[in-house]
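S.K.: Got a structure for you, written out below as structure tokens; questions coming shortly.
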Amino acid sequence: MTKRGWLSWCPDEVVSSVTDIDPTALLQQGIRAVLLDLDNTLVPWQKTDVPEAIRCWVEALKQAGLRLCLVSNTRRRRRLEVLSKDLGIAYVPKAFKPRRYGLRQALEQLGTTPQQAVMIGDQMFTDVWGGNRMGMRTILVLPMARREFIGTKVSRLLERILLWAYRRAGVLSRDAGTSKTILTSNNRGGIGS
């Protein structure tokens, strides 16, 4: 189901790190494919060193039989290729999220439908909105690092306001996207539990 209106930017879940997302729980929800943002989701902005915990999580997803694809707006194709090869997963460069084009390409590569896919990323106005426009499940990950593109820094203020409004309206749990999420994301009863 595609979200409309002010819910266009609302994730289905908010976690502090991708490692809080349980592959078995995704499978139980009918998810067969995982579309992943790159910067500040899997690696800090413009970096190529994948933290060991995230590397292990990616392997756990693959071991569970989930198909993965990096879907990034980065203009640095070579960096994306290197990380894709390093992690052993497909990629779509210059996805231009929230546009649907790159997300459709990823779904085609993985041979799946939006209803069987989840989009995971750190930005509401690119990753979450793009996934929601496609009718996918969406998971917002809190950014790995403070260093990021200047335009993203501006959108973070709007994201905080929207998260507050979604919590206040009861659309998201009261702890979603707060410092309490960071401390308790493994015990909240959501995807990562």
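S.K.: Return the subset of Lys62/Lys97; Lys62/Lys85; Lys47/Lys94 for which the Cα-Cα distance in this structure is over 20 Å, preserving the input order. Don't skip to the answer; put the middle values down first.
M.R.: Values: Lys62/Lys97 24 Å; Lys62/Lys85 14 Å; Lys47/Lys94 17 Å.
In this structure, Lys62/Lys97 lie more than 20 Å apart at Cα.
S.K.: Using the per-residue mean of other Cβ atoms lying within 10 Å as a proxy for protection, in what order, highest first, do the peptides 42-55, 102-115 fall?
M.R.: The packing order, highest mean first, is 102-115, 42-55.
S.K.: If the cut-off is a Cα-Cα distance under 16 Å, which aspartates and glutamates reach Lys3, setting aside same-chain residues fewer than 8 apart in sequence?
M.R.: Asp12, Glu13, Asp127
Rule-based calculations on the coordinates, nothing more; no lab input. As the structure is a prediction and not an experimental result, all values here were calculated from the model. Reconstructed Cβ throughout: ideal geometry from the backbone, glycine too, with neighbour counts over all protein chains shown.
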